[in-house]
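J.: Right, I'll just put the structure down here and ask away after.
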Number of protein chains: 2
Amino acid sequence: MAFNFELKHTDKNCRARVGKLTTSHGVVETPVFMPLGTKGAVKTLTPEELKEIGAEIILGNTYHLYLRPGVEVIEEAGGLHRFMHWEGPILTDSGGFQIFSLSETLRVTDQGVEFKSIVDGSLHFLSPESAAKIQEGLGGDIIMVLDECTPHPASRDYVNEAVLRTLDWARRCKKSHKKRRQALFGIVQGGVYPELRRLSAEGTVEMGFPGYAIGGFSVGEPHDLMFEILGPTLEILPLDKPRYLMGVGNSSSLLRAIELGVDMFDCALPTRMARNGGVLTSQGRLNIRNARHVKDFSPLDSNCNCYVCQNYSRAYLRHLHTTGEILAHRLLTWHNLAFIFGLVKRAREAILDDSFKEFRRSLELEFVLE
Amino acid sequence: MAFNFELKHTDKNCRARVGKLTTSHGVVETPVFMPLGTKGAVKTLTPEELKEIGAEIILGNTYHLYLRPGVEVIEEAGGLHRFMHWEGPILTDSGGFQIFSLSETLRVTDQGVEFKSIVDGSLHFLSPESAAKIQEGLGGDIIMVLDECTPHPASRDYVNEAVLRTLDWARRCKKSHKKRRQALFGIVQGGVYPELRRLSAEGTVEMGFPGYAIGGFSVGEPHDLMFEILGPTLEILPLDKPRYLMGVGNSSSLLRAIELGVDMFDCALPTRMARNGGVLTSQGRLNIRNARHVKDFSPLDSNCNCYVCQNYSRAYLRHLHTTGEILAHRLLTWHNLAFIFGLVKRAREAILDDSFKEFRRSLELEFVLE
């Protein structure tokens, strides 16, 4: 089935919206949080568990999958869905972000990016065209243009150059993208410079994409600065297309961004935190390794009814985590994702009820949002 | 409910038997393989998964649980079952084996064993009485006497001394054991010395236990030597009580021991192997890291219908394992346990059919048993 986005309802009192993404692997209600299936697995979890926890769409990282096992293996397996046994929608990124954040000795030219593999140090080259081709091979339902993601801080000149290059790459990605079943999203860059964000947004919208991502945030800039720039940027994007804020997913930012009209999110935070013992709860974050949990037989979050909170105590989870049991990582990941999915689900309900602003305010009073 | 063992059927052509263990946490069909829930979790798996895979009873290691989180925490949690959310039967060992195999600078006297914690090097002392008391605190359905497990090779004099001490400790464990819901099993030691095995078995049987373990095998002695000694030892044990061969669980030994009349097994092999990429299959062992699996889209074992074999390819599992994904450990552990449980289930069916010997022979022809 062809890709489609239907805007179902916009909150009467703010820009928060509820929508429906239709992909050839199923339907996704927005706003949506997409967990990272970095190397072909959402860390520690099976696809069946992801469904049970509430995942509707997951993200695959082109950079990692390109290096290992390689696109050829995934293509021969019948695509990423079959390879990893996930039947729902998948979004793949272009690989650009990881190249810029993980790889060293990279050389960026108008042609593309040269980078060293973090696996074995071998040299690779990614162009806008090959980024599209690789993602066609992976077979995701939503794929992304190659972009140049600038760090923070970065000079205006450097960001300006990156914005222009990203626009050029977007044009070339779009031109070379053949697989019509896949929706290719454009990406807005521009760092913390409002006029560069505007330039990037306008140029990208002009090309016409079925969806728009906003990249280059959550790279070290202050949160408030992000929101100052995010609002006006979103206003440039067409209302009838989905907006995806890349790499942002802590509860507080997620809710603020939803209020501004963002539809899609991804973030390593809930899954990565879990493996370090970090737990998202309605009373704020806690670390399960803390000695105060030694004899705490209460659940992680007494407001949560996920599998983990119904069956395991903090004392047990602390024990598992301090003794290095893999089950600890599974159970904390499960809970953290359940927490985020639950939050986003309540956000959708509040929007449909035209009460998103009150909802967010009430959470800020009731909950301890990070 | 009180502990009970019912011998349901003995194969007409060998000593293999099918029985039923009744415990206060449920019923177990024997022969049975007990996976290790070493530190309060069968590595990587949830209790729900264990049930689905076919586990009927699991083992908890007193040594590890005593050190972390400590008996007090588990008692306050309401016992090991509640602490770890496993509602089925649990057997706990005495801690002796780990003291002798993991701890350094131990001092063994008639009083008990002094040992250094592998966690923090602190000094601890375990007596037959405290071993019983700790296991009462953990709350397993079957608990074990403290024994002195001798290595291989060990001199006759040393093994003789260990046998006499183990008999004395068994007597003291039995005397101090108060919790009648728990069945306390005796342990036969004696290394590779037939006459010491006889001495140990006769002395232990004389005391009268609801079940008997055979310890001190699988510590380095040749397999054939173990079976030479195992047969006559089993003949000394009463037919109406369960026999538990400690620490043995590779497919081939398991089947040979079943033929001699063993009812219970435990072994780290299937779960530990899994984490190293080792896979049990009907065609023999394989290592998933092997490069020949890169594009092998067949299941781990085409004769297996477990969840893993139905949904994942060798290529995918190899990818997960080589990239260090925790999901690899889960899925390989799942399959290996499913393989062992399936084997034991088929063994039970063959015994009921009086065809266990043919069954074992056919497997040795068809399968590649390790």
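J.: What is the Cα convex hull volume of chain B when expressed per residue in Å³? Write out the running numbers ahead of the final one.
T.: On the way: hull volume 49.1 nm³, N = 370.
So the per-residue Cα hull volume is 133 Å³.
J.: Related question: For a quick check: with amide H placed at 1.01 Å from N, whose amide H comes under 5 Å from B:Lys8's, ignoring anything fewer than 5 positions away on the same chain?
T.: Answer set, sorted by chain and number: B:Val18, B:Gly19, B:Lys20.
J.: While we're here: Tell me which of A:Gly215, A:His25, A:Leu167 sits at the most positive position along the dipole axis of the range A:4-267, charges placed on C-beta atoms (Lys, Arg +1; Asp, Glu -1).
T.: The residue sitting farthest along the positive end of the dipole is A:His25.
J.: If you don't mind, there's one more thing I want to ask. In peptide B:321-328, how many Cβ atoms from other protein chains are near each Cβ within 10 Å, on average?
T.: Mean shielding count: 6.
J.: If R₀ is 22 angstrom, what is the calculated FRET efficiency for the pair B:Glu52 and A:Glu87, using the beta carbon separation as r and rounding to 0.05?
T.: 0.60
J.: Quick one: Karplus J couplings for the range A:74-81, per residue in order, coefficients 6.51, -1.76, 1.60, θ = phi - 60°, nearest Hz, x for Gly and Pro?
T.: Going residue by residue, I get 5, 4, 5, 6, x, x, 5, 4 Hz, with x marking Gly and Pro.
J.: Going by Cβ distance under 4.7 Å, what cysteines of chain B have no possible disulfide partner?
T.: Cys with no partner Cβ under 4.7 Å: B:Cys14, B:Cys149, B:Cys173, B:Cys267, B:Cys306.
J.: Now for a different question. For B:Lys12, which lysines qualify as cross-link partners when the Cα separation must be under 30 Å and same-chain residues fewer than eight apart are set aside?
T.: Counting by Cα, and skipping residues close in sequence, B:Lys12 has these lysines nearby: B:Lys20, B:Lys241, B:Lys345, B:Lys357.
J.: Next question. With a point put 7 Å past each Cα toward its Cβ, work out how far A:Val205 is from B:Ala2 in nm, to one decimal.
T.: 8.2
J.: Quick one: if the Förster radius is 30 Å, what FRET efficiency do A:Asn13 and A:His223 give, using the C-beta to C-beta distance and rounding to 0.05?
T.: Plugging the Cβ-Cβ distance into 1/(1 + (r/R0)^6) gives 0.85.
J.: Place the label 7 angstrom along Cα→C-beta at A:His9 and in each other copy, then list the distances from the first to the rest in nm, shortest first.
T.: A:His9 label point versus its equivalents elsewhere: 6.1 nm.
J.: Next up: For the range B:268-370, what does the equivalent ellipsoid look like in terms of its semi-axes, each the square root of 5 times an eigenvalue of the Cα gyration tensor, given largest first in whole Å?
T.: Largest first, the range B:268-370 gives 27, 13, 11 Å.
J.: Hey, another quick one. Write down the radius of gyration of the range A:53-209 and its Dmax, each obtained from C-alpha positions, in Å.
T.: 15.6, 45
J.: A further question follows. Please report the antiparallel percentage of the DSSP beta bridges confined to chain A, to the nearest 5.
T.: 50
J.: Related question: What are the label-to-label distances in nm, one decimal and shortest first, from A:Arg361 to the same spot in the other copies, with labels 7 Å along Cα to Cβ?
T.: 8.4
J.: Continuing with the same structure: Which of the lysines could be linked to A:Lys295 by a straight reach, that is with a Cα gap under 27 Å, when you skip same-chain ones fewer than 8 residues away?
T.: Result set, ordered by chain and number: B:Lys39, B:Lys43, B:Lys116, B:Lys133, B:Lys178, B:Lys179.
J.: Amide H neighbours of B:Phe185 under 5 Å, at least 5 residues apart or on other chains, H built in the peptide plane: list them.
T.: B:Ile143, B:Met144, B:Val145
J.: Given q = 0.09, 0.11 Å⁻¹, what are the Debye log10 I(q)/I(0) values for the protein assembly as shown, with equal point scatterers placed on the Cα positions and solvent ignored?
T.: Computed log10 I(q)/I(0) values: -0.86, -1.10.
J.: With θ set to phi - 60°, apply the Karplus curve 6.51 cos²θ - 1.76 cosθ + 1.60 along the range A:25-30 and write out the HN-Hα couplings as whole Hz, x wherever there is a Gly or Pro.
T.: Computed from phi, the couplings for the range A:25-30 are 10, x, 9, 10, 7, 10 Hz.
J.: Suppose each label sits 7 Å from its Cα in the direction of the beta carbon; what would the A:Leu239-B:Ser252 distance come out to in nanometres?
T.: Spacing of the two 7 Å Cα→Cβ label points: 7.4 nm.
J.: Using modelled backbone amide H atoms (1.01 Å from N, in-plane), which distant-in-sequence or interchain residues come within less than 5 Å of A:Val248's amide H?
T.: Counting only residues 5 or more places away or on other chains, the set is A:Asp266.
J.: Are there trypsin sites (Lys or Arg not before Pro) in the range A:156-198 that DSSP puts in a loop and that have at most 11 other Cβ atoms within 10 Å, and which ones? Display every interim value, and only then the final one.
T.: Values: sites: A:Arg156, A:Arg165, A:Arg171, A:Arg172, A:Lys174, A:Lys175, A:Lys178, A:Lys179, A:Arg180, A:Arg181, A:Arg197, A:Arg198; in loops: A:Lys178, A:Lys179, A:Arg180, A:Arg181.
Hits after loop and neighbour filter: A:Lys178, A:Arg180.
J.: Using just the alpha carbons, could you tell me how many Å³ per residue the convex hull of the range B:129-191 encloses?
T.: Details: hull volume 4.5 nm³, N = 63.
Measuring per residue, one finds 72 Å³ for the Cα hull of the range B:129-191.
J.: Moving on. Please tell me the relative contact order of chain A in percent, rounded to the nearest whole number, where contacts are Cα pairs under 8 Å and at least six residues apart.
T.: Relative contact order for chain A comes out at 18 percent.
J.: If you don't mind, there's one more thing I want to ask. May I ask for the equivalent-ellipsoid semi-axes of the range B:197-294, computed as the square root of five times each C-alpha gyration tensor eigenvalue and listed largest first in whole Å?
T.: Here the semi-axes work out to 33, 12, 11 Å.
J.: Explain nothing, just the number: dipole magnitude of chain A about its Cα centre with +1 on each Lys and Arg Cβ and -1 on each Asp and Glu Cβ, in debye rounded to the nearest 20. Display every interim value, and only then the final one.
T.: Numbers: 43 positive and 45 negative charges, 105 e Å.
Once rounded to the nearest 20, the dipole reads 500 debye.
J.: Follow-up question, since we're still on this one. One decimal, nm, shortest first: give the distances between the label point of A:Glu76 and those of the same position in the other copies, each label point 7 Å from Cα along Cα→Cβ.
T.: For A:Glu76, the inter-copy label distances come out at 5.6 nm.
J.: Of all beta bridges DSSP finds with both residues in the protein assembly as shown, what is the antiparallel percent, to the nearest 5?
T.: So the antiparallel bridges in the protein assembly as shown amount to around 50 percent.
J.: Give the chain B residue with the shortest beta-carbon distance to the rotation axis relating chain B to chain A, plus that distance as a whole number of Å.
T.: B:Ile326, 3
J.: Continuing with the same structure: Work out from phi, with θ = phi - 60° and the Karplus expression 6.51 cos²θ - 1.76 cosθ + 1.60, the ³J(HN,Hα) of each residue of the range B:215-223, listed in order in whole Hz, and give x for Gly and Pro.
T.: So the J values, rounded to whole Hz, are x, x, 9, 6, 10, x, 6, x, 4.
Throughout, read-outs are computed from the coordinates displayed, never taken from laboratory work. These figures come from a predicted structure and were not determined experimentally. When we count neighbours, we look across all protein chains shown, and the Cβ atoms used for this are built from the backbone with ideal geometry, even at glycine.
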